[in-house]
Amino acid sequence: MNRKEKIECIRRQKYFVWGDVVVFTAAFALVLLFFLLSFLTPAAQGNTFSVLYRGEEIFRASLSEDAEYVFYIEDGVGKVSAYGDGESYTDYNVIRVSAGKVSVTRSDCTDGTCRHFGQIAKGDILCLPHDLRIRIDGDGLETDV
């Protein structure tokens, strides 16, 4: 077989055969199945939340009771108490628990990132200027990391 015959033979070959189509279809179906299962199964939600100041837990409460708390720093110590509208605070974050979710509704930190986390039922809310972390605790939320 000379060079021209080889080129002609290669040009006549099919790009895909039925076996290739079956393998690609099966792979696509598996990817689609795992994608749908990951988004359609309900995620675990926490039942309590913890307030950590400089890595140490200073407060824990249930997510089942709607309430408002205020985290504030007084004499270099982080404290959490029930929130009162008439009181004034410095270095504070107002923490709202509503419908099993927690959020930071007001704060006087410089960047305000903690307010943009929104209402969460799993994960963490961070306020770096106040060295504050709000962690959701519960069954099924632990990770290996």
Residue among Val70, Val51, Val21 with the largest mean-square fluctuation in a Gaussian network model of the chain, springs linking Cα atoms under 10 Å: Val21
Test item: Cα-centred dipole of the chain, Lys/Arg +1 and Asp/Glu -1 on Cβ, debye: 1580
Thr48 long-range amide H proximity, modeled H, under 5 Å: Leu63, Asp137
Karplus couplings for the range 85-97 from phi (6.51 cos²θ - 1.76 cosθ + 1.60, θ = phi - 60°), rounded to Hz, Gly and Pro as x? 4, x, 7, 10, 10, 10, 6, 10, 9, 8, 10, 10, 10
I'd like the orientation of helix 3-12 relative to the chain: the angle between its Cα long axis and the longest Cα principal axis, in ° from 0 to 90, rounded to 10. 60
Among Arg54, Arg96, Arg133, the residue with the largest mean-square fluctuation in a Gaussian network model of the chain built from Cα contacts under 10 Å is Arg54
What residues qualify as long-range amide H neighbours of Phe59, i.e. H under 5 Å apart, gap of 5 or more or another chain, H built at 1.01 Å from N? Val51
Show me, for the range 111-118, the HN-Hα J-couplings you get by feeding each phi into the Karplus relation (A = 6.51, B = -1.76, C = 1.60, θ = phi - 60°), rounded to Hz, glycine and proline as x. 9, x, 4, 4, 6, 7, 5, x
Which of Cys127, Cys9, Cys109, Cys114 comes first, and how do the rest follow, when ranked by fewest Cβ neighbours within 10 Å? Cys9, Cys109, Cys127, Cys114
Helix-only [θ]222 nm of the chain, DSSP H runs n ≥ 4, -39500 (n - 2.57) each, per residue, nearest 500: -7500 deg cm²/dmol
Of Phe39, Phe71, Ile10, farthest towards positive along the dipole that unit charges on Lys, Arg, Asp, Glu beta carbons give the range 1-82: Ile10
Compare Glu74, Glu87, Glu65 in a GNM of the chain, Cα atoms joined below 10 Å, and give the one with the largest fluctuation. Glu87
Cβ-derived FRET efficiency at R0 35 Å, Glu5 paired with Phe28, nearest 0.05: 0.40
I want to check a number: in the chain, how many lysine pairs have alpha carbons closer than 29 Å, given a sequence separation of 8 or more or different chains? 5
In terms of the charge dipole of the chain, which places +1 on Lys and Arg and -1 on Asp and Glu at the beta carbon, the residue among Thr90, Met1, His116 farthest towards the positive end is Met1
Could you give the C-alpha radius of gyration of the chain expressed as a fraction of 2.2 N^0.38 Å, taking N as the number of residues it contains? 1.89
Of Lys6, Lys79, how do they rank once you tally other Cβ atoms within 10 Å and put the fewest first? Lys6, Lys79
Compute all pairwise cysteine Cβ distances in the chain, then list the cysteines with no distance under 4.7 Å to another cysteine. Cys9, Cys109
Hey, can you grab everything whose amide H is under 5 Å from the amide H of Tyr83? Only 5+ residues off in sequence or another chain; H modelled, so Pro and N-termini drop out. Glu68, Tyr69, Val70
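Read-outs throughout are calculated quantities, based only on the coordinates presented, and are distinct from any laboratory measurement. Nothing here was measured: the structure is a model prediction, and the numbers come from that model. FYI the Cβ positions are ideal-geometry reconstructions off the backbone, even for glycines, and counts take in every protein chain you see.
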